[in-house]
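S.K.: Before anything else, here's the structure in question.
Every read-out reported here was derived from the displayed coordinates using simple, explicitly stated rules and does not represent laboratory data. As the structure is a computational prediction, the values presented were derived from the model and not from experiment. As a convention, Cβ positions derive from the backbone with ideal geometry for all residues, glycine included, and neighbour counts pool all protein chains shown.
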Amino acid sequence: MSVLETVLIYGVVPLVIVLLFAAVTLFPGRSKDRTKYRPGQSWDYAPLWYEPHPDVPGVVGGHAEDAPGAGHAAPRLGATASVLAIGQRPYVPEADTVRRTAAGGARGTW
Amino acid sequence: MTQQLNRQPAADQHGPSATDQTGNSSVMEPGSGPFSYRDLARLDEALTMSAKETGLRFTLYVGELGSDTRATAEDLHARSGGDTTNSVLVAISPGQRVLEIVTGTAAARRLPDRACALAVLSMTSRLGAGDLVGAIINGLRQLSDAAGHPARRNAH
């Protein structure tokens, strides 16, 4: 085995493998795709509030539910609604006071 | 894309199903927010699929919850729009390290506090490891598994 072959096999090949792993692990493009959060870190983003996609059929409160769909009978007027239809006004609470709607749940810290 | 509800919606941010309380403009600029495109897509799928499977309206809030986190979360639940009795709010404050789940009256019958506590437990263990999106997705999956399918009243 010549000196050149020895250097190629025992020097260049391990170096290439090491550089390959270094490129894969240190490449900066992949880390951008992840949400960055560490416990204890401050959270400086604006509050976000997400709801389910309203256009998907089957989702409660979605658009597909609002539309008078084929095969579903239109909701009948109940007793209250028929009274209201005669001329009374429904009770509308004050705009500022929000009624408490929570009935249960859980909380946790980490 | 997941719809975003704003606490104080601007006039031009009103989305297709916006009410007075909710603006739900679509998230078009994930660079400014904490979540990447891929994470937003995962959150979108998790929220939409759990809402579709259970018939409950899951909403997700990520942000500050003030000094009284429970009261803020319940206030958010009351203003989440739609049918609040049937809605479930998952509120996470990463800065305060607090997680709150609030259920409405009808939702609480299908999601008892014990099931919520179990979901909270698995979520906090993931959140403690820094996996914010994974915690949300697994928590939503656990909640929707616990709630099950809605009772089919008019099956035909």
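S.K.: Fewest to most neighbouring Cβ within 10 Å: what's the order for B:149, B:77?
M.R.: Working: B:149 10, B:77 27.
With the sparsest Cβ surroundings first, the list reads B:149, B:77.
S.K.: A further question on this structure: Charges at C-beta only: +1 for Lys and Arg, -1 for Asp and Glu. How large is the resulting dipole of the stretch B:93-156 about its Cα centre, in Debye rounded to 20?
M.R.: Numbers: 8 positive and 4 negative charges, 57 e Å.
For the stretch B:93-156, the charge dipole is close to 280 debye.
S.K.: Still on this model: For a test of the definition: using alpha carbon positions, the gyration tensor, and the 1.5 limit on a/c, classify the stretch B:37-89 as rounded, prolate or oblate. Write out the running numbers ahead of the final one.
M.R.: Working: a/c = 3.16, a/b = 1.32, b/c = 2.39.
Since a/c reaches 1.5 but b/c is at least a/b, the shape of the stretch B:37-89 is classed as oblate.
S.K.: Of the options B:139, B:103, B:124, report the single residue whose Cα projects farthest towards the positive end of the charge dipole of the stretch B:86-156 (beta-carbon charges: Lys, Arg +1; Asp, Glu -1).
M.R.: Going by the Cα projections, it comes out as B:103.
S.K.: Would you list B:103, B:69 from fewest to most Cβ contacts within 10 Å? Don't skip to the answer; put the middle values down first.
M.R.: On the way: B:103 29, B:69 18.
Lowest count first: B:69, B:103.
S.K.: If each residue's Cβ is checked for other Cβ atoms within 10 Å, how do B:58, B:35, A:27 rank with the fewest at the top? Provide the component values of the computation, followed by the final result.
M.R.: Numbers: B:58 27, B:35 24, A:27 9.
Ascending Cβ contact count within 10 Å gives the list A:27, B:35, B:58.
S.K.: When N counts the residues of the stretch B:78-156, how does its alpha-carbon radius of gyration compare numerically with 2.2 N^0.38 Å, as a ratio? Write down the numbers at each step before the final one.
M.R.: Working: Rg = 13.7 Å, N = 79, 2.2 N^0.38 = 11.6 Å.
So the stretch B:78-156 has a normalised radius of gyration of 1.18.
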